[in-house]
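Notes to accompany the following structure.
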Amino acid sequence: MLDKTYDPAATETRLYEGWESSGAFAADPASAAAPFTVMIPPPNVTGSLHMGHALTFTVQDALIRFRRMQGRDTLWQPGTDHAGIATQMVVERLLAGEGTDRSTLGREAFLQRVWQWKAESGGTITRQLRRLGASLDWPRERFTMDAGLSAAVRTVFVRLFREGLIYRDRRLVNWDPKFQSAISDLEVEARELRGQLWHLRYPVADQPGRFITVATTRPETMLGDTAVVVHPDDPRWSDLIGRHAVLPLVGRRIPILADTHADPAKGSGAVKITPAHDFNDFVVGQRHDLPMPSVLDREARITLAELADAIIPVAGIADPAFLRTLDGQPREAARTAILAELERLELLEKTEPHTHQVPHGDRSGVAIEPLLTTQWFCNAAVLAQPAIAAVEQGRTQFVPKQWENTFFAWLRDIQPWCISRQLWWGHRIPAWYGPDGQVFVAADAAEAAAAARAAYGTDVALTQDEDVLDTWFSSGLWPFSTLGWPEATPELARYYPTDVLVTGFDIIFFWVARMMMLGLHITDQVPFRTVYIHGLVRDERGQKMSKSKGNSIDPLELIDRYGADALRFTICTLTGPGRDVKLGAARVESYRGFVTKLWNAARFCEMNAIAPQPGFDPAGARLTLSRWLLDAANAAVAAATTALEAYRIDEYAAVSYRFVWNVFCDWFLELAKPVLGAADTADAAEIRAVAAHVLGTILRLLHPAMPFVTETLWDHFGYGGPCSLIRAPWPVADAVTDAAEARAELDWVVRLISEIRAVRSEMNIPPATRAPILLREAAPATLARAARWDDAIRRLGRAESVTPLAGPPPRDAAQVVLDEATIVIPLAGLIDLDAERTRLGRERDKAAGEAEKIARKLDNADFVARAPEEVVAENRERLDAAREDATRLAAALARLG
RNA sequence: GGGCGCGUAGCUCAGCGGAAGAGCACUACCUUGACACGGUAGGGGUCACAGGUUCGAUCCCUGUCGCGCCCACCA
């Protein structure tokens with residue numbers, strides 16, 4: 001016997017272990033079935049499950065389970081990402097707690113320490129994915145720093161280098177002073193800050209008393225200024241073009257140049273140019289061939305090293321002694337000191353409040369310092385072209401399609417991708433340097449040594465590049481590196497390209513675009529045919545969930561409280577296309593009610609000896625109720641299948657929910673009760689068989705969304721062996737005899753009972769009072785129907801009897817019009833005649849109003865002439881029906897007197 | 001500054017050219033032999049606003065207003 005309530009905690013772990021140990025999650029490369037492949041977006045190896053994971057993995061698992069049931073050979077590839085900066089940060093924080101740091105430990109020991117941390121905490125996320133029910137093919141789990149994946153990284157790097165698509169360059173990069181590493185454009189986020197705009201007066205050389213005013217938000221970089229530019233057409237400064245300014249504090253003469261970069265509308269119209277510390281200035285500097293001295297070092301401290309030769313004492317403007325006090329100062333302190341000195345020298349014209357966007361490292365949270373360094377770059381502009389073409393040609397499709405625009409916009413204007421990071425945790429760049437700096441890029445040290453020997457004619461000592469690769473470089477290879485590439489494995493041949501990539505829009509650039517670029521270039525195939533983009537998880541008020549805001553909900557806690565199925569089903573119902581998912585515990589709690597409803601429906605079935613009948617053939621179903629249910633199940637299955645195929649998880653959930661609750665429970669089981677309650681008849685036997693059959697359909701239909709409770713019931717009822725629902729066939733339409741007739745009949749029964757209930761409720765008839773139901777002016781077919789459903793009507797309509805009425809209705813009776821018939825409910829002593837008159841009047845007016853509206857439409861010649869025939873015909877029918885209703889209601893009202 | 005998305009019942013959202021929908025919340029009644037994590041019935045909406053296209057617009061077009069997000073030169 002099933003317990004009175006479903007206890008998820010008691011079943012989930014056991015079922016998951018059952019599935020996993022039986023190999024139910026495993027792909028089968030030897031299978032004759034068509035493959036269906038999904039690559040997990042690899043979570044950070046040291047991370048733990050948050051609501052965003054719960055969303056994406058629930059969606060993926062539902063799709064995988066659906067396709068698996070459809071008979072596809074599914075591969076859901078698991079794995080984790082080494083997450084360079086994030087993981088290194090965690091371990092560094094650990095070290096700080098122990099009073100040490102990575103430089104004290106040294107590279108080798110530090111890396112050992114990270115591997116140790118990975119060994120300790122790397123299993124957390126995969127354990128948590130199991131709690132969610134994710135049916136990943138665990139024996140195939142990969143890690144981005146596995147030997148195999150690392151080899152793939154080196155192979156790709158070497159190849160792209162040889163093709164000239166990876167190169168070393170000295171240029172401005174986004175420098176994160178906290179991590180002391182370059183980061184990519186994508187890892188920079190603009191934060192709005194309220195700062196100041198300082199107007200500095202630079203003396204014009206050889207024109208005593210003349211100044212050119214420049215406005216800046218970063219006065220500390222002025223030491224590195226190598227020019228001032230003004231717009232060629234700006235009359236304020238045109239006479240100074242070609243002259244020089246004397247750079248205050250430093251004393252160097254810098255040219256005043258004409259350049260359209262200067263916007264006359266902004267600041268003073270004159271711009272100081274600091275090519276080594278500003279991206280725009282860098283471009284201007286290149287254009288005018290300006291020197292580019294760095295005046296900030298890797299820690300964002302002032303450094304005068306590159307300035308030393310240029311410092312010229314100038315009376316009243318530049319004092320080398322002051323400059324020396326700045327050397328080694330952090331940028332903030334230098335700013336204060338420089339402003340004070342300029343003020344003292346009367347070179348600070350004014351200070352204005354100024355709100356502006358300041359780039360910050362998204363992980364470090366500190367302001368980025370544009371810095372001239374030598375880094376490795378990937379020529380993304382070249383790789384982007386095939387990626388753009390693949391989406392344009394539809395070889396890869398985004399769902400929803402609108403995200404293609406986002407994808408295109410970014411790729412069409414893509415900048416060189418800085419792929420080197422000055423970190424330790426990650427794939428070390430496979431480049432070695434000879435004594436003279438000659439670079440040898442090779443898959444390993446031996447190969448590099450051989451290349452060096454060939455180049456120098458003798459063995460030389462090589463040193464490997466200290467840097468590691470951007471984490472997203474290895475993630476970009478994930479769809480094929482996990483399948484064994486560069487080896488030509490059977491898995492690669494069979495499961496690549498993958499079918500669908502499921503992820504949030506926040507990593508379209510970081511990851512999706514990189515996979516497209518690298519995948520197409522390396523394999524000549526798109527890495528996935530579809531990209532399904534879901535929204536972000538937010539709290540109930542629509543705020544982004546974050547630890548710092550304290551509004552995040554722990555999915556594990558929700559699973560503990562309500563069960564994984566309730567959480568999963570909630571996520572499924574809420575994840576509409578292009579919509580964020582607003583989720584709170586209350587929602588999960590309410591959908592737990594659906595899990596309970598299913599459970600109780602199953603309990604009812606069990607109590608009524610409903611059990612699967614081997615060899616049952618739905619086509620042989622004889623009873624109208626049976627055929628109606630089978631037909632409704634067909635419709636639900638078809639709608640659910642279409643929805644899942646179109647990635648409409650929300651619609652799939654809604655269709656399933658409505659069928660189970662509103663069709664199976666509310667009407668079928670209720671209508672079946674009289675039959676089941678009667679003696680052991682042939683009718684009862686058929687109802688049992690059909691109920692069992694449809695319950696089986698329901699369990700299969702819901703399994704992708706609610707795997708645990710459905711598998712529990714499947715096992716319990718013996719639809720298959722233990723843990724077999726996961727691989728049970730997805731339901732298809734059953735053959736149903738005369739489905740239209742069954743639909744029409746049950747539609748009438750449902751409407752009749754609903755009308756009776758509505759009148760009783762409105763008339764405040766106590767539930768205990770059973771009233772006779774009289775059918776007036778009913779056609780013989782209607783009376784026959786009523787006779788067939790006598791039990792059900794009496795039970796669900798709380799009726800004493802259902803009989804025809806030949807003559808006029810009794811005085812104290814409620815009346816309802818249903819098609820051609822009038823339902824008369826005599827309620828002597830119970831009915832308030834005034835209320836009934838009011839009610840009938842209202843109903844009549846409603847019907848008359850409706851008729852009026854349709855009549856107006858039909859009177860419109862244009863409508864009749866131009867609207868499609870079906871629409872006009874439909875309106876004519878509706879008009880007839882409304883008029884008849886109005887007439888009958890008016891007659892009923894008249895009978896009340 | 002550029003782009004995208006969203007404004008439909010108290011809340012969360014579906015519908016996107018031919019009768020305004022669901023879930024939750026609310027109200028009334030009901031411990032009826034599966035389920036009170038339940039049942040039955042009910043109230044509640046000029047579908048943001050203004051124009052336009054159409055026989056017909058919540059749905060298509062244009063504009064306005066609100067909200068959110070992404071990208072973008074820290075003068």
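The values are calculated or read from the model by the stated rules, or taken from the named source; none is laboratory data. Quick caveat, the model's predicted, so the values are computed rather than measured. All Cβ positions, even for glycine, are placed from backbone atoms using ideal geometry, and neighbour counts span all protein chains on display. Please note that ligands, DNA and RNA were not included when accessible areas were found on the heavy atoms of the full protein model with its side chains. Shrake-Rupley method; radii C 1.70, N 1.55, O 1.52, S 1.80 Å.
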Q. Could you state the principal axis extents of the C-alpha atoms in segment A:420-550, from the largest down, to the nearest angstrom?
A. 68, 42, 18
Q. With the calculation restricted to Cα positions, what are the radius of gyration and Dmax of segment A:57-108 in angstrom?
A. 20.1, 57
Q | Backbone N within segment A:877-897 under 20 Å of label point (7 Å from A:Arg811 Cα along the Cβ vector) | A | A:891-897
Q.
I'd like the FRET efficiency for A:Val366 and A:Asp666, computed as 1/(1 + (r/R0)^6) with the beta carbon distance as r and R0 of 56 Å, rounded to 0.05.
A. 0.40
(Q) Tell me the relative contact order for segment A:415-531 as a rounded percent, counting alpha carbon contacts under 8 Å between residues six or more apart. (A) 24
Q) Between segment A:688-729 and segment A:118-162, how many Å separate their Cα centres? A) 33
Q. Taking Cα centroids, how far is segment A:619-646 from segment A:568-582 in Å?
A. 25
Q. In terms of Cα to Cα distance under 20 Å, which aspartates and glutamates are near enough to A:Lys4, apart from those fewer than 8 places away along the same chain?
A. A:Glu12, A:Asp560, A:Asp565, A:Glu589, A:Glu606, A:Asp666, A:Glu670, A:Glu711, A:Asp715
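How compact is segment A:754-897 by the rule of thumb for globular proteins, expressed as Cα Rg over 2.2 N^0.38 Å? Intermediate results must be reported in sequence, preceding the final value.
Values: Rg = 17.3 Å, N = 144, 2.2 N^0.38 = 14.5 Å.
Rounded to two decimals, the normalised Rg is 1.19.
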**Q.** Global form of segment A:513-625, assessed from the alpha-carbon gyration tensor, a/c cut-off 1.5
**A.** oblate
Q) Can you give the direction-averaged projected area of the convex hull of the alpha-carbon atoms in segment A:67-167, in nm²? A) 9.9
Q: Find the accessible area per residue for segment A:527-635; the probe is 1.4 Å, ligands and nucleic acids are left out, and the unit is Å².
A: 41
Q: Based on a Kirkwood Rh over C-alpha pairs, give the Stokes-Einstein translational diffusion coefficient of segment A:4-75 at 37 °C and viscosity 0.692 mPa s in µm²/s.
A: 230
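What ratio of Cα Rg to 2.2 N^0.38 Å holds for segment A:594-695?
Values: Rg = 14.0 Å, N = 102, 2.2 N^0.38 = 12.8 Å.
Cα-based Rg divided by the globular estimate yields 1.10.
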Q) Taking all protein chains as present, what is the carbon and sulfur share of the accessible area of chain A, in % to the nearest whole number, probe 1.4 Å? A) 51
Q: Calculate the spin-label point distance for A:Thr458 paired with A:His261, positioning each point 7 Å from the Cα along the beta-carbon direction, and give it in nanometres.
A: 4.7
Q: Please express the Cα-Cα pair-distance distribution P(r) of segment A:174-221 as a list of whole percents, one per 10 Å bin, running from 0 to the bin with the greatest distance.
A: 20, 28, 27, 17, 7
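Which number do you get for Rg(Cα) / (2.2 N^0.38 Å) in segment A:345-453?
1.66
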(Q) Run the simple label-point estimate for A:Glu447 and A:Ala784 please: 7 Å along Cα→C-beta, distance reported in nm. (A) 8.3
Q) What is the calculated FRET efficiency for A:Val864 to A:Ala586, with r their C-beta to C-beta distance and R₀ = 35 Å, to the nearest 0.05? A) 0.10
Q) Any idea what log10 I(q)/I(0) is at q = 0.11, 0.13, 0.24, 0.27 Å⁻¹ for segment A:326-404, Debye with uniform C-alpha scatterers and no solvent? A) -0.66, -0.77, -1.17, -1.21
(Q) I'd like to check one number: the per residue accessible area of segment A:322-394, probe 1.4 Å, reported in Å² as a whole number. (A) 46
(Q) If I take every Cα pair under 8 Å that is 6 or more residues apart in segment A:728-870, average their sequence separation and divide by the length, what percent do I get for the relative contact order? (A) 22
Q) Just the C-alpha atoms of segment A:1-128: what Rg/Rh do they give, with Rh taken as the Kirkwood radius? A) 1.11
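Longer than 26 Å from Cα to Cα, which of A:Lys266/A:Lys544; A:Lys549/A:Lys582; A:Lys266/A:Lys350; A:Lys401/A:Lys549; A:Lys266/A:Lys549; A:Lys178/A:Lys350 are they? Say none if no pair is.
Values: A:Lys266/A:Lys544 35 Å; A:Lys549/A:Lys582 16 Å; A:Lys266/A:Lys350 15 Å; A:Lys401/A:Lys549 32 Å; A:Lys266/A:Lys549 37 Å; A:Lys178/A:Lys350 32 Å.
Pairs exceeding the cut-off: A:Lys266/A:Lys544; A:Lys401/A:Lys549; A:Lys266/A:Lys549; A:Lys178/A:Lys350.
Strictly greater than 45 Å: what percent of every Cα pair in chain A meets that?
The share of Cα pairs beyond 45 Å in chain A comes to 50 percent.
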Q. Taking every DSSP beta bridge that has both residues in chain A, what percent is antiparallel when rounded to the nearest 5?
A. 70
Q. With every protein chain present, what is the per residue accessible area of segment A:813-897 (1.4 Å probe, Å²)?
A. 55
Q: Mind grabbing the accessible area of A:Asp263 for me, 1.4 Å probe, Å², rounded to tens?
A: 60
**Q.** √(5λ) per eigenvalue of the Cα gyration tensor, segment A:152-251, largest first, Å
**A.** 41, 19, 13
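If I take R0 = 25 Å and measure r between the Cβ atoms of A:Lys597 and A:Lys401 in this structure, what FRET efficiency does the formula 1/(1 + (r/R0)^6) give, to the nearest 0.05?
E between A:Lys597 and A:Lys401, to the nearest 0.05, is 0.10.
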Q.
Let me check against my output: what whole-number percent is the relative contact order of chain A, with C-alpha pairs under 8 Å and at least 6 apart?
A. 12
